[in-house]
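Heads up: the structure comes next, in structure tokens.
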Amino acid sequence: MASVTIPRACNFNSDEELYRWYEREFSDLPFEVVYKQDILRQGLAFHESAFYGEYKTKDYFIFTFDRVPLEKMPLEEHLKAPEEIRIYGGPHNLRPTVISVRINPYSPYVVRRHNEKHALFFQGDYVADVDFPPVPEYYRHAHEFTLTKPIGEIAPVIEWGYLIYLTVFRHCQYFGKDEECQYCDINHNWRQQKRVGRPYTGVKSTAEVLEALAAIDKYDHTAKAYTITGGSVIQKLQGKNEVDFYLQYPMAIEKKFPRRWLSKLVVQAWDEDDLRKAWEAGVQIYHPNYEVWDRRLFEKICPGKARYIGWDKWMERILKAAKIFGAQNVIPNFVAGVEMAKPYGFEDVDAAVESSAEGLEFFMSQGITPRFTTWLPEPYTPLGESESAPLEYYLKLLRRYRELHQKYRLPIPPGYGPAGAGKAVFSVSAFMDVL
Ligand code: SF4
């Protein structure tokens with residue numbers, strides 16, 4: 001196993017120092033997003049006292065998102081940590097804020113038991129009380145169905161129960177460092193999960209997906225959307241190309257449960273004919289993720305996508321998709337912060353933010369609202385030894401995001417639940433918290 005160094009990327013020695021900096025520089029943003037973005041970019045540590053009670057644990061729904069390899073977690077956090085945390089209250093009287101859990105035993109943010117509750121500490125200072133997500137009711141009823149695997153493996157929920165996340169193909173055919181997106185650990189994640197003995201299905205059958213959804217249909221009232229996704233298919237997979245492989249799932253789901261949930265598809269940028277097929281298959285929201293806006297960085301960071309499709313065609317297809325799905329239903333993602341990764345990235349925070357904002361303006365001026373996730377360097381990826389982008393970058397990006405969203409008078413993006421501080425459930429960046 002390769003050795004992994006964990007840079008300690010924190011510039012503040014106390015919660016008070018962090019708060020004073022926020023008040024001076026970013027008080028136009030909700031304070032909650034400071035913790036959210038900082039925890040997402042650095043990861044979260046758990047004291048062993050935190051692991052009590054009943055809650056939904058991490059299902060590893062697509063990537064690890066963790067800062068250290070599973071084998072190097074001293075408390076076996078990969079088996080015990082919650083999927084997300086919801087912080088609230090504390091000395092700053094925080095509004096409830098949902099944050100995805102990315103394990104980093106070296107993080108300055110630590111969850112532990114405190115006054116008979118879960119609580120969050122930053123650099124040893126008490127910051128907030130913490131909820132862990134409940135076990136969804138349907139997880140308890142899986143035995144009533146014919147599933148032979150844990151239901152959280154086939155149809156886990158994230159975003160505090162809002163989104164059913166169906167990673168139907170757990171590999172990517174962009175394989176190895178010359179093709180894989182340089183921040184992505186989908187293939188490494190699969191190998192790690194297998195090594196630690198987690199049942200982890202390479203390709204999920206439509207039959208097992210439908211059976212899991214039958215349990216959700218019967219017992220769940222929280223989930224409002226599902227996502228079909230997985231790695232890219234460049235050759236054939238089970239005799240099918242990427243379009244036919246992925247569309248079999250929404251077709252089967254929409255036939256059995258028409259419009260029961262909002263249907264979302266995260267795949268590559270497809271051509272117009274294939275986009276029409278997706279629309280006809282019942283896909284409502286399309287996510288052709290462009291990952292990083294800057295053309296030079298796209299070619300360096302996403303070499304497989306750049307070679308097989310290319311930056312120009314990718315962006316062009318996003319615009320074409322808007323004509324088929326409606327602009328507000330095309331929501332391409334970018335991995336915020338990766339444009340600052342060494343050795344290729346921007347060294348200056350403002351230059352990095354301006355680059356991403358240029359992409360945002362390009363799309364938002366045409367009615368398309370991109371969204372972003374927060375990059376945390378995952379070990380084993382080519383960018384795994386890089387430092388996270390600074391907190392300042394994320395706060396400036398959120399500010400620009402909100403400004404542009406307001407400038408073009410765009411609607412709240414569908415498929416993410418409620419927007420606004422204290423209400424948002426989207427857990428891997430704070431973009432919904434600032435709208
Ligand atoms: S296309 Fe890139 S981001 Fe998507 S799964 Fe493959 S390597 Fe990961």
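Among the residues in region 339-351, are any more than 15 Å from the ligand (Cβ to nearest atom), in contact with a Pro (Cβ under 7 Å, 6 or more places away or on another chain) and in the same structural domain as Leu383 (by TED's automatic domain parsing)?
Scanning region 339-351, I find at least one residue that is more than 15 Å from the ligand (Cβ to nearest atom), in contact with a Pro (Cβ under 7 Å, 6 or more places away or on another chain) and in the same structural domain as Leu383 (by TED's automatic domain parsing), so the answer is yes.
Give Ala142, Ala119 a once-over and let me know the one that is of a type in the set (A, V, I, L, M, F, W, C) and in the same structural domain as Gly230 (by TED's automatic domain parsing).
Result: Ala142 is the single residue among Ala142, Ala119 that is of a type in the set (A, V, I, L, M, F, W, C) and in the same structural domain as Gly230 (by TED's automatic domain parsing).
If I go through region 329-353 residue by residue, how many of them are in a helix (DSSP H, G or I) and surrounded by 17 or more Cβ atoms within 10 Å (Cβ to Cβ)?
Of the residues in region 329-353, 7 are in a helix (DSSP H, G or I) and surrounded by 17 or more Cβ atoms within 10 Å (Cβ to Cβ).
Mind checking which residues of region 159-191 are near the ligand (Cβ under 8 Å from one of its atoms), over 17 Å from Val233 (Cα atoms) and hydrophobic (A, V, I, L, M, F, W, C)?
Result: no residue meets the conditions.
Hey, any hits in region 145-152 for a residue that's modelled with pLDDT under 95 and charged (D, E, K, R)?
Checked against the condition, which is being modelled with pLDDT under 95 and charged (D, E, K, R), region 145-152 yields at least one hit.
Report every pair of residues separated by at least 6 positions or lying on different chains whose Cβ atoms are under 8 Å apart, first residue within region 304-315 and assigned by TED's automatic domain parsing to the domain that holds Ser232, second more than 14 Å from the ligand (Cβ to nearest atom).
Close Cβ pairs (under 8 Å, with a partner that is more than 14 Å from the ligand (Cβ to nearest atom)) amount to Ile309/Arg317; Trp311/Arg295; Met315/Phe362.
All but one of (1) out of contact with any helix residue (DSSP H, G or I) (no Cβ under 6 Å at 6 or more places or on another chain); (2) under 22 Å from Ala281 (Cβ atoms) hold for Gly202; which doesn't?
(2)
Residues Arg113, Arg95, Arg67: which one is at pLDDT 95 or above, crowded, with 23+ Cβ neighbours inside 10 Å and not hydrophobic (A, V, I, L, M, F, W, C)?
Numbers: Arg113 fails: crowded, with 23+ Cβ neighbours inside 10 Å; Arg95 fails: crowded, with 23+ Cβ neighbours inside 10 Å.
So the residue among Arg113, Arg95, Arg67 that is at pLDDT 95 or above, crowded, with 23+ Cβ neighbours inside 10 Å and not hydrophobic (A, V, I, L, M, F, W, C) is Arg67.
Kindly evaluate Lys194 against the criterion of being charged (D, E, K, R), without any contact (Cβ under 8 Å) to a residue 40 or more places away in the chain and either away from the ligand (no atom under 16 Å from the Cβ) or surrounded by 20 or more Cβ atoms within 10 Å (Cβ to Cβ) (or both).
On the way: charged (D, E, K, R): yes; without any contact (Cβ under 8 Å) to a residue 40 or more places away in the chain: yes; either away from the ligand (no atom under 16 Å from the Cβ) or surrounded by 20 or more Cβ atoms within 10 Å (Cβ to Cβ) (or both): yes.
The answer is yes for Lys194.
Given (1) buried (at least 17 other Cβ atoms within 10 Å of the Cβ); (2) in the same structural domain as Trp261 (by TED's automatic domain parsing), identify the lone condition not met by Lys149.
(1)
The values are calculated or read from the model by the stated rules, or taken from the named source; none is laboratory data. Keep in mind it's a predicted model, so treat the numbers as computed, not measured. So basically every Cβ, Gly included, is an ideal-geometry build from the backbone, and we count neighbours across all protein chains shown.
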